[in-house]
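Written below as structure tokens is the structure these notes are about.
Read the figures in this text as sums done on the coordinates, not as results from a lab. Here the structure is a predicted model, which means the values were calculated and not measured. All Cβ positions, glycine included, derive from the backbone under ideal geometry; neighbour counts span all protein chains shown.
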């Protein structure tokens with residue numbers, strides 16, 4: 001079952017996991033050390049992130065390392081970009097209104 005990537009990043013713990021493994025590949029135990037939760041809870045979050053293809057598993061001997069799937073993160077950025085442009089436009093319009101009000105007072 002593939003999950004929705006936005007559902008996956010809606011959880012603050014999963015966003016924190018993404019931030020951790022964006023810096024370097026980590027084992028589940030190393031990730032779990034950063035949270036005040038059980039190793040099983042972290043494993044569940046990792047499973048959801050893996051199902052969404054936001055992280056991938058790499059086996060090195062008996063260890064599993066999780067790494068960030070950058071291409072999937074780009075999909076999120078592309079989706080957010082459309083809203084970023086809308087808000088930038090609105091802020092620019094607000095700047096123009098404020099400038100107009102300021103110049104009328106002078």
**Study point:** Label-point separation in nm, residue 44 to residue 56, each point 7 Å along Cα→Cβ
**Key:** 2.8 nm
Exercise for review: With a/c under 1.5 counting as rounded, go ahead and sort the stretch 1-63 into rounded, prolate or oblate using the C-alpha gyration tensor (a ≥ b ≥ c being the square roots of the eigenvalues; past the cut-off, prolate if a/b is larger than b/c, else oblate).
Suggested key: oblate
Check your understanding: Fully extended, how many nm does the chain gain between residue 105 and residue 70 (0.36 nm per residue separation, minus their Cα-Cα distance)?
Key -> 7.6 nm
Review point. Helix 12-23 versus the longest principal axis of the chain: what is the Cα-based angle in degrees, 0 to 90, to the nearest 10?
Key: 80 degrees
Revision key, fill the gap. Which of 64, 86, 48 fluctuates most in a GNM of the chain (C-alpha springs under 10 Å)? That residue is 86
Practice item. Sort out for me the Cα centre separation of the stretch 89-106 from the stretch 1-32, rounded to whole Å. Key: 41 Å
**Study point:** Helix-only CD estimate at 222 nm, as mean residue ellipticity for the chain, using -39500 (n - 2.57) per DSSP H run (n ≥ 4)
**Key:** -21500 deg cm²/dmol
Practice item. Pick out which of 95, 11, 77 has the largest mean-square fluctuation in a Gaussian network model of the chain, springs linking Cα atoms closer than 10 Å. Key: 95
